[in-house]
Amino acid sequence: MSLSRIFPDILRELHKLEFDYADGDGIDFEPYQEFTSRMYVQDWFKAWTGNQNSDCDDYLIFGQDGTGGYAAIWPVRENKSLIEQPIVFFGSEGELGIVASNFSDYLWLLGNNHGPYEAVAYPDDERSSNEDFLAFANKHATTPRRQVSEIIKDAQSEFPKFEQKIRALCG
């Protein structure tokens, strides 16, 4: 599949908003303004899995949490734009999960005060909305607003073998 590595304008616009950790009550996320290089991702993935023979998909890392866990676009849908691809998270302590089926659902996670880490670590956590991200989602999302647990459940249902595939590569 031919893959664009051009950082989407909508993601750049989103990353201008403040991601506030708020002493654990906010979103633990440090946004990037460009994707990490493919070479970096390949080296990092081998270290993350502990398997020097593993070859990873071309994850497009677009940010990290405070401990160095990475959020990435996983471009698995043929002939679809980057914002139509699922969002995944690889935590620094082995946390792993698919957090949204697409960028639009990811916006609703943020509006519900869940970043990639929170979606994996606290998928059912009821948190108060983040008004800035909620306004952004209301303006740009193309999917309906749903609860965090629904968004994650739908993404896991669509890609049920994601975690199993990655864990099988771990040495």
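The values are calculated or read from the model by the stated rules, or taken from the named source; none is laboratory data. Only a predicted model underlies this, so the values are computations on that prediction, with no experimental measurement involved. Neighbour counts are summed over all protein chains in view; Cβ atoms, including those assigned to glycine, are modelled from backbone coordinates with ideal geometry. The area values use the complete protein model at the heavy-atom level, side chains included, leaving out ligands, DNA and RNA. Shrake-Rupley method; radii C 1.70, N 1.55, O 1.52, S 1.80 Å.
Condition first: in contact with a strand residue (DSSP E or B) (Cβ under 7 Å, 6 or more places away or on another chain) and within 19 Å of residue 19 (Cβ to Cβ). Can you find one or more residues in segment 123-144 that meet it? Let's see the steps before the verdict.
Let us first name the residues in segment 123-144 that are in contact with a strand residue (DSSP E or B) (Cβ under 7 Å, 6 or more places away or on another chain), namely none.
Scanning segment 123-144, I find no residue that is in contact with a strand residue (DSSP E or B) (Cβ under 7 Å, 6 or more places away or on another chain) and within 19 Å of residue 19 (Cβ to Cβ), so the answer is no.
Search segment 7-18 for residues that are open to solvent by less than 80 Å² (accessible area, probe 1.4 Å) and pair each with any residue that is among the small types (Gly, Ala, Ser) and assigned to a helix (DSSP H, G or I) when their beta-carbon atoms are under 7 Å apart and the residues are at least 6 apart or on different chains.
none
What's the number of the condition residue 42 fails, among (1) within 19 Å of residue 133 (Cα to Cα); (2) part of a helix (DSSP H, G or I)?
(1)
I need the full set of residues from segment 115-149 which are under 16 Å from the mean Cα position of the chain (by Cα) and free of Cβ contacts under 8 Å to residues at least 60 places away in the same chain, in order please. Talk me through it step by step, then tell me what you get.
Start the filter on segment 115-149 by keeping residues that are under 16 Å from the mean Cα position of the chain (by Cα), which leaves 115-123, 133, 137, 141, 148-149.
If the condition is that a residue be under 16 Å from the mean Cα position of the chain (by Cα) and free of Cβ contacts under 8 Å to residues at least 60 places away in the same chain, then 119, 120, 121, 122, 123, 137, 141, 148, 149 are the ones that fit.
One line per residue, one yes/no per condition, for (1) part of a helix (DSSP H, G or I); (2) open to solvent by 40 Å² or more (accessible area, probe 1.4 Å); (3) within 21 Å of residue 166 (Cα to Cα):
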| position | (1), (2), (3) |
| --- | --- |
| 26 | no, no, no |
| 55 | no, yes, yes |
| 78 | no, yes, yes |
| 108 | yes, no, no |
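Name the residues in segment 82-100 that are over 9 Å from the mean Cα position of the chain (by Cα) and either open to solvent by less than 50 Å² (accessible area, probe 1.4 Å) or touching a residue at least 24 places away in the same chain (Cβ under 8 Å) (or both), would you? Quick ask: steps written out before the conclusion?
Start the filter on segment 82-100 by keeping residues that are over 9 Å from the mean Cα position of the chain (by Cα), which leaves 82-85, 91-96.
Correct list: 82, 83, 85, 91, 92, 93, 94, 95, 96.
Please tell me if residue 68 is without any contact (Cβ under 8 Å) to a residue 24 or more places away in the chain, open to solvent by 10 Å² or more (accessible area, probe 1.4 Å) and at positive phi. I'd like the intermediate steps shown before the answer.
Working: without any contact (Cβ under 8 Å) to a residue 24 or more places away in the chain: no; open to solvent by 10 Å² or more (accessible area, probe 1.4 Å): yes; at positive phi: yes.
When the stated conditions are applied, residue 68 does not pass them.
Does residue 122 satisfy the criteria of being of a type in the set (Phe, Trp, Tyr) and surrounded by fewer than 14 Cβ atoms within 10 Å (Cβ to Cβ)? Steps first, answer last, please.
Working: of a type in the set (Phe, Trp, Tyr): yes; surrounded by fewer than 14 Cβ atoms within 10 Å (Cβ to Cβ): yes.
So residue 122 fits the description; yes.
Taking residue 114 and the conditions (1) farther than 19 Å from residue 13 by Cβ; (2) open to solvent by 10 Å² or more (accessible area, probe 1.4 Å), which numbered condition does it fall short on, given that it satisfies the others?
Every listed condition holds for residue 114 apart from (2).
Would you confirm whether any residue within segment 57-74 is more than 18 Å from residue 26 (Cα to Cα) and assigned to a helix (DSSP H, G or I)? Don't jump to the end; show me each part of the working.
So in segment 57-74, the residues more than 18 Å from residue 26 (Cα to Cα) come out as 57-62, 72-74.
Subset that is assigned to a helix (DSSP H, G or I): none.
No, segment 57-74 contains no residue that is more than 18 Å from residue 26 (Cα to Cα) and assigned to a helix (DSSP H, G or I).
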